[in-house]
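What follows is a short report on a single structure.
Only the coordinates and a few stated rules stand behind these numbers; no lab work does. A quick note: this is a predicted structure, and the numbers were derived from the prediction, not measured. No Cβ is skipped: glycine too gets one built from the backbone with ideal geometry, and neighbour counts run over all protein chains shown.
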Amino acid sequence: MFNNIRACIFDLDGTLVDSMWMWHSIDVEYLRRFGQECPDDLQKIIEGMSFTENAIYFKNRFNLSDSIDKIKSDWEDMSVSKYRDEVTLKPGTEKLLSYLKSAGIKLGIATSNGRKMVDAVLDSQNISDYFSSVVTACEVASGKPSPDIYLKVADNLKIRPENCLVFEDLPAGIIAGKAAGMSVCAIEDEFSKAMKYEKTKLADYFITDYTELVVKGVI
């Protein structure tokens with residue numbers, strides 16, 4: 001998996017941290033403020049969208065009177081404390097990050113999330129120092145499945161795309177990594193269990209969690 005790899009780029013939610021459960025509950029709670037139910041198709045539709053793209057979609061689909069900035073601010077207020085106090089790392093994350101750093105492999109994050117939430121969870125889990133580049137989808141032209149965010153992180157790290165390995169938990173992110181010309185390892189997540197077949201077809205590798213790499217002697 002790591003042959004000729006000089007950088008690893010991680011998605012955040014559902015990949016580095018176990019947090020996908022949180023976003024569904026926030027969507028339900030948020031829409032109830034406006035007397036609306038959370039539709040069944042919502043999570044699949046917004047998969048991979050940037051934080052700003054998400055807010056625009058919500059405003060248009062649910063006919064919200066609040067501004068885009070107000071929607072984003074409300075989501076931040078609802079999520080930051082959860083990121084700090086309730087979200088945990090995926091099993092084996094620190095061991096993998098430590099191994100990669102000691103092997104001289106550069107590390108980056110490519111997330112659809114907002115900067116305030118990203119900083120909250122990285123700081124609370126004490127893993128900020130592992131990463132040389134953290135890019136949110138709001139900093140590029142288009143969110144996943146566009147390759148923009150992965151290409152931006154690779155450029156920041158000064159590593160060619162073909163020498164990058166992406167870790168992702170959702171199909172849109174896997175497609176983005178492959179479109180960027182990178183190898184992709186899909187990781188299992190409770191939220192995306194129903195998408196396992198799609199994920200394994202799209203990705204180069206598939207793991208249940210990072211402890212699997214230890215058991216198999218990969219790291």
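For the chain, what is the percent of antiparallel DSSP beta bridges, rounded to the nearest 5? Intermediate results must be reported in sequence, preceding the final value.
Details: 2 of 22 bridges.
Around 10 percent of the beta bridges assigned by DSSP in the chain are antiparallel ones.
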Fill in the blank from the handout: Inverse of <1/r> over all distinct C-alpha pairs of region 1-47, i.e. the Kirkwood Rh in Å, gives 13.2
Handout entry: Cβ crowding within 10 Å averaged over residues, with 39-46, 85-92 ranked highest first
Key = 85-92, 39-46
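Exceeding 32 Å between C-alpha atoms, which entries from my cross-link table qualify? They are 178/216; 70/101; 82/158; 59/101; 70/95. Kindly include the intermediate steps, with their values, before the conclusion.
Numbers: 178/216 24 Å; 70/101 39 Å; 82/158 34 Å; 59/101 41 Å; 70/95 38 Å.
Listed pairs above 32 Å: 70/101; 82/158; 59/101; 70/95.
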Exercise for the section: Quick one: dipole size for the chain, taken about the Cα centre, charges +1 on Lys/Arg Cβ and -1 on Asp/Glu Cβ, in debye to the nearest 20. Expected result: 640
Handout entry: Alpha-carbon centroids, region 159-212 and region 1-78: separation in whole Å
Key = 19
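At a 10 angstrom cut-off on C-beta neighbours, averaged per residue, how do the peptides 98-111, 145-158 rank from highest to lowest? Kindly include the intermediate steps, with their values, before the conclusion.
Numbers: 98-111: 18.9, 145-158: 21.4.
Most protected by this proxy first, the peptides run 145-158, 98-111.
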Problem - Rg/Rh for region 35-191, where both radii come from Cα atoms and Rh is the Kirkwood radius - result: 0.97
Practice task
Pop a pseudo-label 7 angstrom from the Cα along the beta-carbon direction at both residue 41 and residue 160 and give the gap in nm to one decimal.
Solution key: 4.3
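Suppose a student asked you for the relative contact order of the chain, using Cα pairs under 8 Å spaced at least 6 residues apart; what percent would you report? Before the final figure, lay out each step's value.
Numbers: 367 pairs, mean separation 57.1, N = 219.
Relative contact order, the chain: 26 percent.
Write down, largest first, the equivalent ellipsoid semi-axes of region 20-85 in whole Å, where each equals the square root of 5 times an eigenvalue of the alpha-carbon gyration tensor. Numbers along the way, then the final one.
On the way: eigenvalues 56, 39, 31 Å².
Result for region 20-85: semi-axes of 17, 14, 13 Å.
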Handout entry: Footprinting exposure proxy for 215, 80, 17 (fewest neighbouring C-beta atoms within 10 Å first)
Key = 215, 80, 17
Problem - Neighbour-count ranking [beta-carbon atoms within 10 angstrom, fewest first] of 131, 34 - result: 34, 131
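Kirkwood hydrodynamic radius, computed over distinct alpha-carbon pairs, for region 79-157: how many Å, to one decimal?
Values: mean 1/r = 0.0746 Å⁻¹.
About 13.4 Å, per the Kirkwood formula over Cα pairs.
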Handout entry: Local electrostatic count at residue 6 - Lys and Arg +1, Asp and Glu -1, tallied over other residues with Cβ under 14 Å
Key = +2
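Can you tally the net charge around residue 195? Count Lys and Arg as +1, Asp and Glu as -1, for every other residue whose Cβ sits under 13 Å from the Cβ of residue 195. Please report the intermediate quantities before stating the final value.
Numbers: positive: 44, 193, 196, 199, 201; negative: 47, 168, 169, 188, 189, 190, 198.
That sum, taken over residues with Cβ under 13 Å, equals -2.
If you rank 21, 75 by fewest surrounding Cβ atoms within 10 Å, what's the result? Walk me through the intermediate numbers first.
Values: 21 16, 75 22.
With the sparsest Cβ surroundings first, the list reads 21, 75.
Grab the other residues whose beta carbon is less than 9 angstrom from that of residue 184, score K and R as +1, D and E as -1, and report the net. Kindly include the intermediate steps, with their values, before the conclusion.
Details: positive: 178; negative: 168, 204.
It works out to a net charge of -1.
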